[in-house]
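*Asks:* I'd like to ask you about the structure that follows.
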Amino acid sequence: MRARPVRKESMETLWNDLGYGIRMLLKSPGFTLIAVLTLALGIGANTALFSVVNGVLLNPLPYLQPDRLATISQKTAQFDRSSVSYPNFLDWQHDNRSFQLMAAFLTEDFNLTGNGEAERLRGDMVSATFFPLLGIRPLNGRNFSAEEDRLGAAPAVIIGAGLWRRKFGSSPGILGKTIALNGTGYTVIGVVAGKYHLEPNNDVYVPIGQWTEPTFRDRRMSYGMRVLGRLADGMTFERARADMDRIASNLAATYPEADAGKGVTILPLQKAIVGDIEPFLFVLLAAVAFVLLIACANVANLLLARSSSRMHEFGIRAALGAGRARIIRQLLTESLLLALAGGGLGLLLAAWGTRAVLAALPDALPRADEITLDTHVLVFAFAISLAAGILFGLAPAFRVSQSGLGETLREGGRGLIRGRRAQGVFVVVEMALALVLLFASGLMIRTLAVLWNVNPGFNPHNVLSFGYSVAPSSIPNPAASRAALRGLHDTIRGLPGVEAVSVAGGSLPMQSDSELGFWLDGQPEPKQDSEKNLSLFYLNQPEYLKAMGIPLLRGRFFNDHDDEHAPFVAAIDETFARKFFPGQNPVGRRLHITLLGTAEIIGVVGHVKQWGLDADSNRLVQAQIYFPVLQSPDALMPIIAQGMTVVLRARSAPLSMEPALRQAVRQMNSDQVIYNLSTMDSIISGSLAARRFSMILLGLFAAVALLLASVGIYGVISCLVGQRTREIGIRLALGAQPSDVLRLVMRQGMRMALAGVAIGGAAALALARLMSKMLYGVGASDPLTLLGVAAVLGLMALAACYIPARRATRVDPMAALRTE
């Protein structure tokens with residue numbers, strides 16, 4: 001029965017504390033503003049990065065029971081995760097005992113015609129199980145049936161909501177309508193929401209089983225097809241792996257030529273989508289936590305200095321009956337008010353900062369469209385604000401708890417020197433944390449500097465690449481396909497400003513890869529594909545080397561005579577020559593190529609970093625071989641013509657040629673379009689997006705840390721100078737020179753700074769090992785970077801100490817003595 005009055009009294013006390021705290025903070029607007037801004041930087045940076053981690057790593061995928069979804073890949077001696085052949089997928093689907101559903105999908109773009117100007121659409125060929133596996137129901141219409149997912153079925157298409165709105169005004173009447181894709185009429189049977197795409201912004205989906213390409217049903221050909229699985233009830237990933245290993249073993253025994261030596265890799269879908277970004281994000285999360293600690297240390301120092309000036313006030317309150325706990329609670333209340341104000345402003349900074357970074361680096365992160373300030377982020381911001389308030393509020397509270405309040409009242413506040421040691425400790429901590437962040441940022445900057453100077457094996461400047469597809473109706477036979485490629489080359493080559501142009505099929509540096517098995521002439525043909533050597537292959541026209549800026553090292557490259565009527569020829573790169581023809585001249589030697597035939601080597605070209613500036617040397621398949629595109633087998637010519645890349649070298653500003661290119665293509669065929677225009681410079685830059693993202697954020701965090709640490713040491717030295725005004729006045733009155741005072745104050749400040757640098761240096765060397773996988777061309781304990789950032793931090797600390805030290809030399813001895 002007595003609980004209510006107690007609770008009411010407690011609430012009244014709380015409201016009194018809050019009201020008094022707000023009045024005290026408003027009474028010192030300068031102090032309050034600096035503290036809130038400092039906290040806003042720390043809390044805002046943490047909240048922004050947590051929103052990234054939350055969106056990319058923590059939030060479940062937007063599918064039904066996403067923890068049961070997996071990617072299923074072919075495993076070979078060279079690749080842990082390789083694409084899957086369609087016959088193998090069908091066998092996996094039929095024989096497995098682990099997956100409730102299994103689905104296949106293959107990226108395939110389409111030209112939409114007959115609805116205004118021709119448009120290139122992003123699309124996928126998918127099995128009928130694709131949408132049910134993901135738990136996706138069409139917004140309108142229905143899913144593919146099993147009967148539609150097979151050869152000879154009537155063409156059907158499911159369109160994305162974006163295309164539905166853009167082209168068809170969200171009309172319900174779209175169902176049953178026919179749209180022309182690559183010249184073939186497809187009946188629209190459904191519409192799906194755009195946000196559920198594994199491939200962002202897809203427009204269309206067609207049944208994969210309807211694809212008529214004969215080689216698609218060859219176990220040796222995969223065409224980049226990927227497979228998903230949904231675990232059955234009660235099944236684990238470990239048991240599923242054992243089950244799929246059983247199937248792989250059976251397939252290897254049944255089809256040794258194609259499947260011997262091949263296994264299966266199963267990964268949770270979220271892990272497969274996130275890829276290698278996880279360690280980058282956790283390093284950044286640790287770095288931004290350091291920024292918050294520095295901000296807390298700064299505010300704690302401000303509060304210590306403020307509490308020292310308020311000791312007289314606390315003494316009066318104690319004399320009037322306020323207990324020590326009451327005063328400590330009041331201080332913590334003020335700290336929490338500051339933290340919550342800083343957290344509110346930090347949320348605004350986080351929202352702005354997150355949008356700015358994602359806009360600047362849109363391709364740096366997977367699932368970037370799912371990064372928002374959702375409920376989890378808001379709870380995090382509130383929790384971190386409370387934690388920060390308690391953390392920096394403990395310092396002045398502990399200071400008061402150790403002080404004799406009655407004695408303080410009698411001394412008139414002369415016990416202020418007791419807080420100097422705590423303030424010095426905070427400065428040392430700030431300097432140490434700032435050095436760790438500067439070192440991490442310096443390592444990333446040096447890594448990118450090294451990478452930008454890496455020779456990619458080609459000259460990317462003024463090179464443009466774009467996609468082009470010939471309508472199937474325009475290429476009824478292989479001869480027509482070859483004629484279309486010649487015509488495309490001649491049309492583009494004749495445009496003003498074009499120096500060289502070539503079709504690029506198979507592999508394209510840092511964009512796509514394709515591999516073929518081979519064996520050397522004079523050696524017996526391996527009985528199994530897994531026993532063959534593997535090489536990246538490129539299908540090109542004669543001007544490819546000039547267009548890409550790849551050097552010819554020996555022999556010759558293709559010319560116009562290397563067509564479908566000439567003997568089959570090939571050029572190899574220097575890595576191929578070094579590995580398979582050590583100390584020999586490979587020109588004139590012969591190679592037997594899977595699916596293509598026997599080719600004579602006519603030249604050796606420079607090696608291209610196909611896998612990226614930083615990853616090429618780590619890949620098992622590095623050898624490269626080039627073939628004339630016109631000498632491709634007749635069966636492959638329609639596939640090449642329907643999905644090719646074109647590269648051209650311009651005299652200047654290649655993107656400025658886009659209008660002329662589009663007009664030239666329309667004049668060739670009004671139903672054709674070019675798409676995915678990008679410069680090779682931007683492609684290289686995109687391959688380093690994750691590193692640039694890390695470098696930019698680490699650089700921002702380091703800059704904030706450097707600023708906060710400098711402000712922190714400046715504030716402490718200023719405070720100490722104010723507390724020692726009488727001492728300095730006495731020294732000057734007794735004959736000390738201003739230079740002596742300057743050295744005294746500078747020595748005290750730099751002692752704290754150097755202690756922080758020393759501790760931070762040791763910590764940086766220890767923690768930098770966690771970044772080793774993020775670095776390239778620079779060691780995790782790089783002494784040059786460590787010395788450089790230590791010098792920068794030392795100079796900033798020197799400048800921060802000099803200003804209050806210089807002010808101390810101007811103290812009037814008589815005025816200082818009169819204040820006492």
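The values are calculated or read from the model by the stated rules, or taken from the named source; none is laboratory data. What you are looking at is a predicted structure, and each value in this text was computed from that prediction instead of being measured. Cβ atoms come from the backbone with ideal geometry, glycine included; neighbour counts cover every protein chain shown. The accessibility values were calculated without ligands, DNA or RNA, using every heavy atom of the protein model including side chains. Shrake-Rupley method; radii C 1.70, N 1.55, O 1.52, S 1.80 Å.
*Asks:* With respect to residue 690, is the statement that it is within 18 Å of residue 546 (Cα to Cα), open to solvent by 20 Å² or more (accessible area, probe 1.4 Å) and under 32 Å from the mean Cα position of the chain (by Cα) true?
*Replies:* no
*Asks:* Please note which strands (runs of 3 or more DSSP E) are completely contained in the range 74-125 and include at least 3 residues that are farther than 27 Å from residue 163 by Cα.
*Replies:* Because the criterion is at least 3 residues that are farther than 27 Å from residue 163 by Cα, the strands (runs of 3 or more DSSP E) in the range 74-125 that meet it are 99-107.
*Asks:* Let me ask you something else. Output the residues belonging to the range 543-564 that are open to solvent by less than 50 Å² (accessible area, probe 1.4 Å), in a loop (DSSP other than H, G, I, E, B) and either of a type in the set (D, E, K, R) or at negative phi (or both).
*Replies:* Passing the criteria: 543, 550, 557, 558, 562, 563.
*Asks:* Could you say which residue among 717, 713 is among the hydrophobic types (A, V, I, L, M, F, W, C), in contact with a Pro (Cβ under 9 Å, 6 or more places away or on another chain) and part of a helix (DSSP H, G or I)?
*Replies:* Of 717, 713, the one residue that is among the hydrophobic types (A, V, I, L, M, F, W, C), in contact with a Pro (Cβ under 9 Å, 6 or more places away or on another chain) and part of a helix (DSSP H, G or I) is 717.
*Asks:* Further question on the same structure: What's the number of the only condition in (1) surrounded by fewer than 16 Cβ atoms within 10 Å (Cβ to Cβ); (2) of a type outside the set (A, V, I, L, M); (3) in a helix (DSSP H, G or I); (4) in contact (Cβ under 8 Å) with a residue 12 or more places away in the chain that residue 802 fails to meet?
*Replies:* Result: residue 802 passes all but (1).
*Asks:* To continue, here is another question. Out of 335, 307, report the one residue that is open to solvent by less than 20 Å² (accessible area, probe 1.4 Å), at pLDDT below 70 and not basic (Lys, Arg).
*Replies:* 307
*Asks:* Here is a follow-up. Look at residue 606 and say whether it is more than 30 Å from residue 256 (Cα to Cα) and in contact with a strand residue (DSSP E or B) (Cβ under 7 Å, 6 or more places away or on another chain).
*Replies:* Here the answer is yes, as residue 606 does meet what is asked.
*Asks:* Look through 620, 591, 595 and report the one residue that is open to solvent by less than 40 Å² (accessible area, probe 1.4 Å) and in contact (Cβ under 8 Å) with a residue 40 or more places away in the chain.
*Replies:* Unique residue meeting the criteria: 591.
*Asks:* Sticking with this one: Looking only at the range 666-685, count how many residues are open to solvent by less than 40 Å² (accessible area, probe 1.4 Å) and part of a helix (DSSP H, G or I).
*Replies:* Residues in the range 666-685 being open to solvent by less than 40 Å² (accessible area, probe 1.4 Å) and part of a helix (DSSP H, G or I): 4 in total.
*Asks:* Is there a residue being within 30 Å of residue 515 (Cα to Cα) and open to solvent by 60 Å² or more (accessible area, probe 1.4 Å) anywhere in the range 101-108?
*Replies:* yes
*Asks:* Test residue 564 against the criterion of being among the acidic types (Asp, Glu), at pLDDT below 95 and closer than 30 Å to residue 253 by Cα, and give yes or no.
*Replies:* So residue 564 does not fit the description; no.
*Asks:* Continuing with the same structure: Scan the range 521-542 for residues that are open to solvent by less than 50 Å² (accessible area, probe 1.4 Å) and over 41 Å from the mean Cα position of the chain (by Cα) and report the count.
*Replies:* 1
*Asks:* Condition (residue is over 30 Å from residue 618 (Cα atoms), at pLDDT below 80, part of a helix (DSSP H, G or I) and within 51 Å of the chain's Cα centre (by Cα)) applied to the range 723-738: is it met by at least one residue?
*Replies:* Checking the range 723-738: at least one residue is over 30 Å from residue 618 (Cα atoms), at pLDDT below 80, part of a helix (DSSP H, G or I) and within 51 Å of the chain's Cα centre (by Cα).
*Asks:* Right, next: Can you tell me which of (1) in a helix (DSSP H, G or I); (2) open to solvent by less than 50 Å² (accessible area, probe 1.4 Å) is the one residue 780 doesn't meet?
*Replies:* If we test residue 780 against (1) in a helix (DSSP H, G or I); (2) open to solvent by less than 50 Å² (accessible area, probe 1.4 Å), just (1) comes out false.
*Asks:* Then there's this: What are the residues in the range 126-145 that are in a loop (DSSP other than H, G, I, E, B) and of a type in the set (Gly, Ala, Ser), if any?
*Replies:* 127, 128, 135, 145
*Asks:* Only one of these is more than 38 Å from the chain's Cα centre (by Cα) and either of a type in the set (Val, Ile, Thr) or farther than 24 Å from residue 580 by Cβ (or both): 471, 484. Name it.
*Replies:* Only one candidate passes the filter, namely 484.
*Asks:* Quick one: in the range 628-652, of everything that is modelled with pLDDT under 90 and not in a helix (DSSP H, G or I), which residue is nearest to residue 556 (Cα to Cα)?
*Replies:* Per the stated criteria, the residue is 644.
*Asks:* Enumerate the pairs (first residue in the range 555-581 and farther than 29 Å from residue 634 by Cβ; second residue anywhere and open to solvent by less than 20 Å² (accessible area, probe 1.4 Å) and part of a loop (DSSP other than H, G, I, E, B)) with beta-carbon separation below 8 Å, excluding pairs fewer than 6 apart on the same chain, so at least 6 apart or on different chains.
*Replies:* 574/606; 575/623; 577/586; 579/623
*Asks:* Confirm whether residue 353 is within 21 Å of residue 392 (Cα to Cα), assigned to a helix (DSSP H, G or I), in contact with a helix residue (DSSP H, G or I) (Cβ under 7 Å, 6 or more places away or on another chain) and at pLDDT 75 or above.
*Replies:* No, not satisfied.
*Asks:* Next question, about the same structure. Please go through the range 564-617 and pick out each residue that is in contact with a His (Cβ under 6 Å, 6 or more places away or on another chain) and not acidic (Asp, Glu).
*Replies:* Result: 575, 598.
*Asks:* Now for a different question. Using beta carbons and a limit of 6 Å, which pairs, at least six apart or on different chains, have the first residue in the range 515-536 and within 21 Å of residue 587 (Cα to Cα) and the second one in a strand (DSSP E or B) and of a type in the set (Asp, Glu)?
*Replies:* As it stands, the answer is 534/515; 536/515, since those pairs meet every condition given.
*Asks:* Among the residues of the range 73-88, is any touching a Gly at 6+ places or on another chain (Cβ under 8 Å), under 30 Å from residue 353 (Cβ atoms), crowded, with 18+ Cβ neighbours inside 10 Å and not polar (S, T, N, Q)?
*Replies:* Scanning the range 73-88 turns up no residue that is touching a Gly at 6+ places or on another chain (Cβ under 8 Å), under 30 Å from residue 353 (Cβ atoms), crowded, with 18+ Cβ neighbours inside 10 Å and not polar (S, T, N, Q).
*Asks:* Please determine whether any residue of the range 146-169 is open to solvent by less than 10 Å² (accessible area, probe 1.4 Å), farther than 30 Å from residue 506 by Cα, of a type outside the set (Ser, Thr, Tyr) and in contact (Cβ under 8 Å) with a residue 24 or more places away in the chain.
*Replies:* Yes.
*Asks:* I've got another one for you. From 450, 436, 427, 454, which residue is β-branched (Val, Ile, Thr) and over 26 Å from residue 775 (Cα atoms)?
*Replies:* 427
*Asks:* Would you mind telling me which numbered condition in (1) modelled with pLDDT of 90 or more; (2) part of a helix (DSSP H, G or I) residue 419 fails?
*Replies:* Single failed check for residue 419: (1).
*Asks:* Report yes if residue 297 is within 12 Å of residue 45 (Cα to Cα) and at pLDDT 80 or above, otherwise no.
*Replies:* no
*Asks:* Here's another thing I want to ask about it. Determine which single condition residue 713 fails, assuming it passes every other condition in (1) surrounded by 21 or more Cβ atoms within 10 Å (Cβ to Cβ); (2) under 22 Å from residue 443 (Cβ atoms); (3) over 16 Å from the mean Cα position of the chain (by Cα); (4) of a type outside the set (Gly, Ala, Ser).
*Replies:* (2)
*Asks:* Considering only the range 421-468, state which residues are β-branched (Val, Ile, Thr) and under 19 Å from residue 763 (Cβ atoms).
*Replies:* Across the range 421-468, the qualifying residues are 425, 427, 428, 429, 436.
*Asks:* If you go through the range 473-493 one residue at a time, do you hit one that is part of a loop (DSSP other than H, G, I, E, B), modelled with pLDDT under 90 and buried (at least 19 other Cβ atoms within 10 Å of the Cβ)?
*Replies:* Yes, the conditions are met somewhere in the range 473-493.
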